[in-house]
């Protein structure tokens, strides 16, 4: 194992921490592999052979023997909802259940354990969990005297019982912006189905989690100004979510919902010394907003821009999700002739918005799932480039669950990042093939959930979980990416292990304009590392989740440590 001069510090420098005897995968093309890494303060001191790094040990250096385990840059979670995830950890989880009886039993047991919880919320309620479209009456039959609700796995639909609808002021309906709906029945009352964030926002607010949801629900700030107790409660949810991510080897997050309040909380945690991970937060631009709202995005970018808490980009939604038939398609849904859904932004208006965001030097990230939405976003980015000229924008499209073949090469040509979630592909991890794939015409299955095709066409890739939509476990995501089977008639969209690891580390950092801070193991960059519980290259893909995470280090601090860490001193 050779060391280049640039990989070793000046004579006399000693390390605070050394990880040695590791299989180091640096993600640095100039030195892709090593045996040891040394850390001084918040930064990587040196990367190289075990013998040369050992020379950097001083009397107070902590030395960890990795025993041949894989050492990587800390995982970069490029699309997550950490506040929602922190709240999700306190909710009931029913993704493994089927049928009203099993769901009702789970709700009643959860209610008994939580007598004072204002809203009993269940997560991961797949759209066919009751074997039929769910209504408030179905949930009333489970529990009628307390507000209960269940959230779909994609976080785009909630079903509530009558007590919950009354408590949130939704039983008789409520006016909603385009794309958000309190579904009404023929009897003049809400059926219990609430589509998209602003429709179920009042319910979340009733549960006491409204402030942490504002970034994704409305993009606005809490009013009145939260009390110190409320701020502390919200910081506790953020911390709970970040600690959960750290236990899975994550050191950086792109929190895909946000507002200034979220950034203020994170900055407070940073000042208090309680912020465990690096977090980037967008301004959420909603369809009803005027271009002047982007002044807030620019201000957030100017006020929050250090290595730990940053902004600098705008998040938008172009459509919904396939399961609720709100993803905007170029063709009719197979089971609903004449229905393709609608984009949340008309094409001309989106072009105008994208051009203005780009003119301000900000990055754009747009949720686009249907092929119609994906095309409209690409068109908007192209319009911005034409108007403003090319620059290192790294605009992103989030999800891309269906794409027209003619649009595949456009991402690479325009430098658009494909921000993808391996756990989302039906059949790859927790989401079953059906009924999701029945909403896509079989002849279009080859165009669904593409990874390899987009990469080969030149699109930069960033992988993530979208937690709490799916499990935040990166190791489970890696396994899903490596073991997913092709859809009938489609090509194999899997990528090799090293490309998957790159998309979860250096690729995510690059996509977030953070490669100067983290994402690779190089001297001078942040000491953000994850030590796995074994050698990932020698592990069968199906066994990768069982490796576990042995150690997570962020900014030179151990933010998660497993029970079995070898030490020399």
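The values are calculated or read from the model by the stated rules, or taken from the named source; none is laboratory data. These figures come from a predicted structure and were not determined experimentally. Cβ placement follows ideal geometry from the backbone for every residue including glycine, while neighbour counts extend to all protein chains displayed.
Tabulated data for the structure shown
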quantity: Segment 32-83, residues that are out of contact with any helix residue (DSSP H, G or I) (no Cβ under 6 Å at 6 or more places or on another chain) and assigned to a loop (DSSP other than H, G, I, E, B); calculated: 32, 41, 42, 49, 55, 56, 66, 67, 68, 69, 74, 81
quantity: Matching entry among 509, 503 (being assigned by TED's automatic domain parsing to the domain that holds residue 459, under 23 Å from residue 281 (Cβ atoms) and touching a helix residue (DSSP H, G or I) at 6+ places or on another chain (Cβ under 9 Å)); calculated: 503
quantity: Residue among 501, 495, 482, 551 that alone is in contact (Cβ under 8 Å) with a residue 24 or more places away in the chain and touching a strand residue (DSSP E or B) at 6+ places or on another chain (Cβ under 6 Å); calculated: 551
quantity: Residue in segment 282-296 that is surrounded by the fewest Cβ atoms within 10 Å (Cβ to Cβ), counting only those that are over 20 Å from the mean Cα position of the chain (by Cα) and not in a loop (DSSP other than H, G, I, E, B); calculated: 292
quantity: Filtered residues of segment 430-446 (kept if surrounded by fewer than 23 Cβ atoms within 10 Å (Cβ to Cβ) and either touching a strand residue (DSSP E or B) at 6+ places or on another chain (Cβ under 7 Å) or assigned to a loop (DSSP other than H, G, I, E, B) (or both)); calculated: 430, 431, 432, 433, 434, 435, 439, 441, 444
quantity: Exclusive hit being farther than 30 Å from residue 123 by Cβ and more than 22 Å from the chain's Cα centre (by Cα), set 562, 519, 534, 555; calculated: 534
quantity: Residue 211 being closer than 30 Å to residue 546 by Cβ and either outside the structural domain of residue 351 (by TED's automatic domain parsing) or touching a strand residue (DSSP E or B) at 6+ places or on another chain (Cβ under 8 Å) (or both); calculated: no
quantity: Hits in segment 323-374 - residues which are over 19 Å from residue 180 (Cβ atoms), crowded, with 24+ Cβ neighbours inside 10 Å and free of Cβ contacts under 8 Å to residues at least 60 places away in the same chain; calculated: 354, 364, 374
quantity: Test: residue in segment 257-275 that is farther than 22 Å from residue 225 by Cα and in contact (Cβ under 8 Å) with a residue 40 or more places away in the chain; calculated: no
quantity: Matching helices (runs of 4 or more DSSP H) fully within segment 151-254 where at least 2 residues are in contact (Cβ under 8 Å) with a residue 60 or more places away in the chain, in contact with a helix residue (DSSP H, G or I) (Cβ under 8 Å, 6 or more places away or on another chain) and closer than 23 Å to residue 398 by Cβ; calculated: 210-217, 228-246
quantity: Residue ID - farthest from the chain's Cα centre (by Cα), chosen from residues in segment 260-281 that are under 19 Å from residue 298 (Cα atoms) and surrounded by 24 or more Cβ atoms within 10 Å (Cβ to Cβ); calculated: 265
quantity: Residue 127, sole failed condition from (1) surrounded by fewer than 24 Cβ atoms within 10 Å (Cβ to Cβ); (2) in contact with a strand residue (DSSP E or B) (Cβ under 6 Å, 6 or more places away or on another chain); (3) assigned by TED's automatic domain parsing to the domain that holds residue 141; calculated: (2)
